[in-house]
Amino acid sequence: MDILVRKLNVYVTIRKHHHNNKNSQINKNNIPGRPAKSNVAAHNEHSVDTRELALEMLIEISERGAFSHIVLRSVLDKYQYLSKQDRAFMTRLVDGTIEYMLQLDYIIDSFSKTQIRKMKPFIRNLLRMSVYQIKYMDAVPDSAVCNEAVKLAKRHKFAQLSGFVNGVLRNIARNIDSVQFDTLSIRYSMPQWIVDRFVSAYGEKKAEEIFKAFHNKSTISIRTNLTRCTPDELRAMLEAEGVTVTAVDELNYVFIKPKKQRSSHGNLII
């Protein structure tokens, strides 16, 4: 069992930070945000499209084997002038699309005559991140998701496929609640080999509880640095930034941030 747990830990790390391709090599010149040789389109402070940046990062990660944390940090460092909400939106969109990629591919394949593996990399990742917004980001209107996806397709010279993108996404948006996930692998976006191992070790019911827990968001705890300020001062600073926290009774210098607190883009703002 210890061996299984270690294998799972390795997989989870790879899943979050690296495309599952043994032959992939990281090309630092391809990381979004590098000004000289990056494949990311040139942006300036007045024309930054966070969805476009997210899409370029997803292509770099899923198609070229770059590490997600390196790509994301590079972009966030370059575009530090972006608002907190824009940075949070972009981070959640990239991380969420990677986390749910197996499930997103299943949804797309259920509504598209062209299967995901046969699509052009740009269109494949455009649909993935758009479906993630439709299913998991309630604060983003479905119509906005579809319209922005069409704009991105046209902007990157895929105008001939913009109708396809629009049709698939609007069909998914209309029917997303009726999509059924018949397997644990698709329901929790978990590779089948991990599902098989856990079902064999714990039984299907317990295995599903474990997979469900993988997707639960951890509570954010904040500890006061008593050499810098008092708990009351820290709480006042957080509330001034629009962050509501709850004090821990047993530890008066520790606060907990509610899980459901979100920004206007549907992401945690802390």
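Under a point spin-label approximation (7 Å from Cα along Cα-to-Cβ), what is the Gln85-Arg73 distance to one decimal in nm?
Calculated label separation equals 2.8 nm.
Quick one: Ser200, Ser130, fewest Cβ neighbours within 10 Å first, how do they rank?
Ser200, Ser130
Full-extension gain between Asn147 and Thr114, please, as 0.36 nm times their residue separation minus the C-alpha to C-alpha distance.
Between Asn147 and Thr114, full extension yields an extra 9.8 nm.
Arranged by the count of other C-beta atoms within 10 angstrom, fewest first, what order do Tyr100, Tyr136 take?
Tyr136, Tyr100
With the Cα gyration tensor of the range 118-259 giving a ≥ b ≥ c as the square roots of its eigenvalues, does the rule (a/c under 1.5 for rounded; else a/b larger than b/c for prolate; else oblate) give rounded, prolate or oblate?
The shape class here is oblate.
Counting other beta carbons within 10 Å of each Cβ, put Met90, Met57, Met119 in order, fewest first.
Ranking Met90, Met57, Met119 by Cβ neighbours within 10 Å, fewest first, gives Met119, Met90, Met57.
Where the only charges are on Cβ atoms (+1 Lys, Arg; -1 Asp, Glu), what is the dipole of the range 89-184 about its Cα centre, to the nearest 20 debye?
Here the size comes out at about 640 debye.
Which entries of Lys135/Lys206; Lys120/Lys257; Lys157/Lys212 show an alpha-carbon separation above 30 angstrom in the structure shown?
Flagged as over cut-off: Lys120/Lys257; Lys157/Lys212.
Taken together, the values in this text are just the output of simple stated rules run on the coordinates, not laboratory data. The model shown is predicted, which means the values in this text are computed figures rather than measured ones. Positions of Cβ are generated from backbone atoms using ideal geometry, with glycine treated the same way; all protein chains shown enter the neighbour counts.
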